[in-house]
Every structure is written in structure tokens, then in C-alpha cells.
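The values are calculated or read from the model by the stated rules, or taken from the named source; none is laboratory data. Since we're looking at a predicted model, the values are computed, not measured. Here the Cβ positions follow ideal geometry from the backbone for every residue, glycine too, while neighbour counts run over all protein chains shown. Heads up: the accessible areas ignore ligands, DNA and RNA and are worked out on the full protein's heavy atoms, side chains in. Shrake-Rupley method; radii C 1.70, N 1.55, O 1.52, S 1.80 Å.
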Amino acid sequence: MDPVSYQKCDEATIKGQIVSVRGNVVDLEFPESLPPIHALIRSGEDGGICIETTVHINERHVRGIALNTTAGLHRGQPVWTDGSPLMVPVGEKLLGRMFNVFGQPIDGEAAPPGLDHRSVHQAPIELARRVTSQEVFFTGIKAIDLLVPLERGGKAGLFGGAGVGKTVVITELIHNVVGKHKGMSIFCGIGERCREGEELHREMAAAGVLPNTVMVFGQMNEPPGARFRVGHTALTMAEYFRDDLGRDVLLLIDNIFRFIQAGSELSGLLGRLPSRMGYQPTMATELAELEERIASTSQAAITSIQAVYVPADDLTDPSAVHTFSHLSASIVLSRKRASEGFYPAIDLLQSRSIMLQPRILGERHYRVASEVRRTLATYEELKDIIAMLGIEELSREDRRTVHRARRLERFLTQPFFTTTQFTGLAGKLVEVEETIDGCERILNDEFSEHPESALYMIGGIGEVTR
């Protein structure tokens, strides 16, 4: 631990001792007075072991969760706290750096000097200061911009099981959006692989966007306490840029399910009875405490894009259901589409956005998006008939709908910049007008003479060749 960042034991602190250590759960005794809930208790030779107060057991004992390893702790070991919660640094000097849950640099460089510190436990901004935007946040990804447009100052979720491309899509969004984003970006990795963090850091440095980005990681090898709090650390840094500096913030989180999972682990360690499907009984409250801090004011906005792992591809899982309720756009990734080779593997019928309205997007965009969705839905209904009887048994109009839908499905695939080294296809960024134009021409049967493969993995419709 950085020697500057810990509170030394002196007369002003509350002193106690360890009663028991059970994994990451530590029971502590304070004979004189109890520290408040969320107080950061320190122990160890240099105060490097941090324990967050979670429960007051009685008038002399508290139960806490360790935020780092408890190796070396033993009964009777002294602990101390000044009653303050976990404090993390905030300020412009954080830009271009990578931090852990404590706000300590993990990129091998020295900690930036002269920074203010703030508690990670902040209340959401008051309703009177919130504003709702009707501005769309375009990404250059055809399927998202056409059917699931993102809201500036809103929250978008990327839902999918293991291996369907959540991290690939969020990395592509970073590539397309961070460079042209007028504010700054914060990437928060919760319980994800160390390798992905290192790759992302290298790619952002190569793309030249790192100087406007802060990266915060609570990796999968860290205790659940660290994974549970790292999202609050990132949000505290984002709120400083929004409220104090008036700058727009793009907050990317990978993966919000790992936050819920860490809360579930802590709940089990604390001995609470689980609710449905084994999740913690406090899941809705804990998720709301994090999500409701992501909001916009009249000065600046925090726009959030979050990856959400869906256990067993079950969208009725409580973790997915509770996350859905906080979002303005839900992008569902489908294993079936991935197996058919449609990338990005977005389920175009299950994905939704509150921004898909004519008064926000304009009549033409809304009309084309609605017609695309209707065509794809009709094709989905006809698939069973085609499988049993063959396409020849359909009416002429239904056959036309099927041909249009199959071409639309292929046109809404797209080669990504972040996968060029694996696919050999150069990445494409497509403006929304070009996407609308291409879909409209396909719906008007302009490409009925072209093979379906001519529309697969291209950028704009102008790239179609016979």
C-alpha cells in the first residue's frame, strides 16, 4: 500500500482488535466506541489491510469485509480507524492512468501528486438537478444506430452469455466513440480478466485516446470486497468530472454482472439467507445505489455503456431483470446469431431503446427501423413453415419478405476494427444516414438480383458488388 494513503494509528483514531477471521469476513471488537457503517478499518504492520464495516453485531463488536487479502491476520491483532469511509483520488491528473479500487496506480508509474480525495459513498444527485436528454449518441455500428440508438446521458446494456461478443462490442464502441467524444472516458473493469485490461490499455495508447481516459480495475483474482466497490470508485471519479469540471463523461463498465456476483458472495459470507436463484436479498438496492448515480445535469452528462453477462443465456435471470429496469437501451446478443456467423451477434428483435421515436430520430429513420423490424419478425414467424415445407410453399409476398429479411440480416453485419487481426477484414465505421439509405433500398428490392453474400460483412451499401 502507498504509505501516503493510509491513516496512521494515533490518539484520534478508534482502536480495537480482531476477534475472528473467516476468509474475507473479519469480526472486530471496539471496547470504547463503534466505527460507523462503511468506515474503513486498517490493520497490519503498515495499515495495508483494509476492512470495510458492514454490520454492527452488538455494542462492542462489528463485522467487516476485507477489501484486499487477509493473509497474515490473526486473533488479537490491533486495528484502527478514524471513522472515514474509503476515499479515492479525483482530478484531471488521473487522465491517462490505470487504478485499483483504492485509487492507487497499477500501471507501474508513481501516484499523481496533489489530488483531492472523496468518499466512494455518494448520494445520487437530486431529482431537481437531473435533466433528460433527447440527443442520440451515434456509434458507427449499423445495427445499434438503426434499431437500438443510444441516449446521450443514458445507460445502455450489452446482454449476453459467455462467448457471444460483449467485450468485443464494448471495445469497438471505445474505438468508435472515445476518439470523437467531446468529454472524457472512464473504463471500469469489474471482475474481468487481467489480460483484457492489459490489451485494452495497449490498444487505447496506440489509438491515441488514453490521455483522455481513466481506467479502473477490480480484477477477477481480487477479493469480492474489491470487486464490489470498484464500480463506486469509478463513479466517484466520473462525478468529479461531471459536477466540478462540467465535462461529459463516457463510462464503460465490463461487467456489471460481476458486481452483482461479488455482492452475492459477500452476502453468503455474511450469513444472509439467499433469495430467488441464490442471489442476495439486497440485490435490487445495491444495484440501484450504483446505477442511480449515473445521471445527467444541465452542465454535463454521464453516458454509460455496460456489459451484462447473462447466466445460461437466460434473460429471466434476476440479475438481468433488475439491470433491465435501469437502462434506456438494451442490446441483447444472441448465441444463435453468433453460431450463424452474424457479427455483431445482436438479436435485432429482442433489443430495444426508448430513443426509437419519430420525434427524436425523425420520421424517415423511425419508418425504416419499424419496417426492418416488421420484416425480420415476419421472417422469424415463417422459419418453421420453411423448415417443414420449404420456401416454395410460401405465397409470393411472403417469399419476397424472406428474401428482404435475409439481405437485411447480412447487411446489418459489420467488420470491426478491433477484430481485424483475427478476421483479416478491415474495420468499417458507417454513418447512420448511410445505414438508413441501405436498409431502405433493400426494402425496395433494389438488390433482389444480387446474391445475399454480396451484402455480408460490408460497410455502406455502396460497397455491394455482384
**Message:** Based on the alpha carbons, how large is the Rg to Rh ratio for the range 246-308 when Rh follows Kirkwood?
**Reply:** 1.10
**Message:** From the mean inverse distance of alpha carbon pairs (Kirkwood) and the Cα radius of gyration, derive Rg over Rh for the range 309-383.
**Reply:** 1.01
**Request:** Mind running the shape call on the range 14-85? Use the C-alpha gyration tensor, a ≥ b ≥ c as the square roots of the eigenvalues: rounded below 1.5 for a/c, prolate if a/b tops b/c, oblate otherwise.
**Result:** rounded
**Prompt:** If you count, for each residue, the other Cβ atoms within 10 Å and average over each peptide, how do 274-286, 323-335 line up from highest to lowest?
**Reply:** 323-335, 274-286
**Complete:** In whole percent, the fraction of accessible protein surface over the range 88-353 that belongs to carbon or sulfur atoms, probe radius 1.4 Å, stands at 53
**Prompt:** For R396 and V321, what does the FRET efficiency come to when R0 = 30 Å and r is the distance between their Cβ atoms, rounded to the nearest 0.05?
**Reply:** 0.10
**Request:** Could you provide, to the nearest whole Å², the per residue accessible area of the range 88-353 with probe 1.4 Å?
**Result:** 36
**Item:** Share of carbon and sulfur in the accessible heavy-atom surface of the range 363-463 [1.4 Å probe, %]
**Value:** 49
**Apportionment of accessible area to carbon and sulfur, the range 14-85, percent (1.4 Å)** = 51
**FRET efficiency, 1/(1 + (r/R0)^6) with R0 41 Å, evaluated for R193 and A387 via beta carbons** = 0.60
**Asked** How far is it, in nm, from the label point at M277 to the one at S33 when both lie 7 Å from their Cα along the line to the Cβ?
**Response** 4.4
**Message:** Compute and list, largest first, the equivalent-ellipsoid semi-axes of the range 329-466 from the alpha carbon gyration tensor, each √(5λ) rounded to a whole angstrom.
**Reply:** 23, 19, 17
**Message:** Kirkwood Rh over alpha-carbon pairs of the chain, then Stokes-Einstein at 10 °C and 1.306 mPa s: what D in µm² s⁻¹, rounded to an integer?
**Reply:** 66
**Request:** Work out the count of Lys pairs in the chain where the Cα-Cα distance is under 23 Å, with the pair 8 or more places apart or on different chains.
**Result:** 17
**Message:** How long are the semi-axes of the equivalent ellipsoid of the range 1-159, taking √(5λ) for every eigenvalue λ of the Cα gyration tensor, in whole Å from largest down?
**Reply:** 39, 19, 16
**Message:** Ratio of alpha-carbon Rg to the 2.2 N^0.38 Å globular estimate for the range 88-353, to two decimals, please.
**Reply:** 0.95
